[in-house]
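Colleague: A single structure is presented below for examination.
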Amino acid sequence: MDGSIIAVKPPYSFERLLKRLETHPDPQMQVEAEARMIRRVFRVGQRPVVAALHFTGDVEQPAITWRTDAALTASEKMALEATIRHMFSVDVDLEPLYRHMRQDDVLRPLTERFRGLRFLLDADLFQSMVRTIIGQQVNLPFAAALTRRLLELAGEKLQDDQGRTYFAFPTAEAVARLEPAELRPLQFSQRKAEYIIDFARAVVDGRVDLDSLWRMEDEEIFAYLTPLRGIGRWTVECLMMFGMGRPDLLPAADIGLRNGIQLVYSLPGKPDEQEIRRIGESWAPWRSYVSLYVWEAVGAVKRKEDQNA
């Protein structure tokens, strides 16, 4: 067994994370809410391992204790911990964001209602892009169902010592070996199946170097990825937000963001992209995070949360 305790920069709300997972399900996670625990498969190099994450403390004194039954080398332990820190955004300082949002009378209530909410990021950029393509023009539950079917088709199956079954997200090599006809019975559209497999093959044959994205500015990433089939501006924005954790993206074409801005700003109708960009200018340099809090306002309505929850 291996593991350690990760100090989290406060505030951090595990309860708000759980609420968000209700409307944004992640088929890779097994959640034990009462135990404040999440179990998941993580890749350490190319090796999948099951780890349990226990969220301790409270919003103002949070920590994450992780454990795995896998025998890890020192470098593997460091890599796994780095992935956990990235995924759960543990080093993000929310106070500058809250100071910024409190200057706006409309946004100020969100800083208290959703205090401690952070991005739950994807574990790696290949997974993030595939999940984003899957999510194009479909609702969240159906996107989660498609993701699970891909995991079961091409991912590795693991069991822990309690007999619980987990699926590792498939590697680029595993997806590249698929044909669209194998995804069609799983309710993938022809184009969505082609886009996912094309992207995987581009990664495998070196036409796309995902590691290089970390060294690029936002506009360079757009220029690098949008020539690929099925990858437009919204898709790249989501990759940078949910895969890379970049703080200042505004996915103005997102229907959920349109709904959220209409709700939060009490607009008579849904704003168009131009109006969203106008409103979002005042959110910089935290447009990704303000978008997250606006999305969460919509999620809270869907979950029928009490306004004071």
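Derivation of every value follows stated rules applied to the coordinates shown; laboratory data play no part. This structure is a prediction, so every number in the text was calculated from the model and none was measured. Cβ: placed from backbone, ideal geometry, glycine included. Neighbour counts: every protein chain shown.
Colleague: Being acidic (Asp, Glu), surrounded by fewer than 16 Cβ atoms within 10 Å (Cβ to Cβ) and under 18 Å from the mean Cα position of the chain (by Cα) is the filter here, so list the residues in region 16-68 that pass it.
Modeller: Let us first name the residues in region 16-68 that are acidic (Asp, Glu), namely 22, 26, 32, 34, 58, 60.
With surrounded by fewer than 16 Cβ atoms within 10 Å (Cβ to Cβ) added as a condition, the list becomes 22, 32, 34, 58, 60.
Listed by number, the list holds a single entry, 22.
Colleague: So which residues in region 131-146 are assigned to a helix (DSSP H, G or I), within 19 Å of residue 236 (Cβ to Cβ) and either over 16 Å from the mean Cα position of the chain (by Cα) or not charged (D, E, K, R) (or both), if there are any at all? If you could, list the steps in order and put the result at the bottom.
Modeller: So in region 131-146, the residues assigned to a helix (DSSP H, G or I) come out as 131-135, 140-146.
Right, trim to within 19 Å of residue 236 (Cβ to Cβ) and you get 131-135, 143.
Of everything in region 131-146, those that are assigned to a helix (DSSP H, G or I), within 19 Å of residue 236 (Cβ to Cβ) and either over 16 Å from the mean Cα position of the chain (by Cα) or not charged (D, E, K, R) (or both) turn out to be 132, 133, 134, 135, 143.
Colleague: Give the residues of region 31-46 that are in contact with a Ser or Thr (Cβ under 9 Å, 6 or more places away or on another chain) and in a strand (DSSP E or B), sorted by residue number.
Modeller: 42, 43, 44
Colleague: When region 157-184 is examined, which residues are found to be part of a helix (DSSP H, G or I) and either within 20 Å of residue 145 (Cβ to Cβ) or among the β-branched types (Val, Ile, Thr) (or both)?
Modeller: Hits for region 157-184 are 174, 175, 180, 181, 182, 183, 184.
Colleague: What single numbered condition from (1) surrounded by fewer than 18 Cβ atoms within 10 Å (Cβ to Cβ); (2) out of contact with any helix residue (DSSP H, G or I) (no Cβ under 9 Å at 6 or more places or on another chain) fails to hold for residue 149?
Modeller: (2)
Colleague: Criterion first (more than 20 Å from the chain's Cα centre (by Cα), surrounded by 18 or more Cβ atoms within 10 Å (Cβ to Cβ), over 29 Å from residue 146 (Cα atoms) and not aromatic (Phe, Trp, Tyr)) does residue 107 satisfy it?
Modeller: Against the criterion (more than 20 Å from the chain's Cα centre (by Cα), surrounded by 18 or more Cβ atoms within 10 Å (Cβ to Cβ), over 29 Å from residue 146 (Cα atoms) and not aromatic (Phe, Trp, Tyr)), residue 107 qualifies.
Colleague: Now for a different question. Within region 185-233, which residues are among the β-branched types (Val, Ile, Thr), part of a helix (DSSP H, G or I) and in contact (Cβ under 8 Å) with a residue 24 or more places away in the chain?
Modeller: 196, 203, 204
Colleague: Also, quick follow-up: Quick check on my filter: what residues within region 82-113 are within 21 Å of residue 64 (Cβ to Cβ) and among the hydroxyl-bearing types (Ser, Thr, Tyr)?
Modeller: 83, 89
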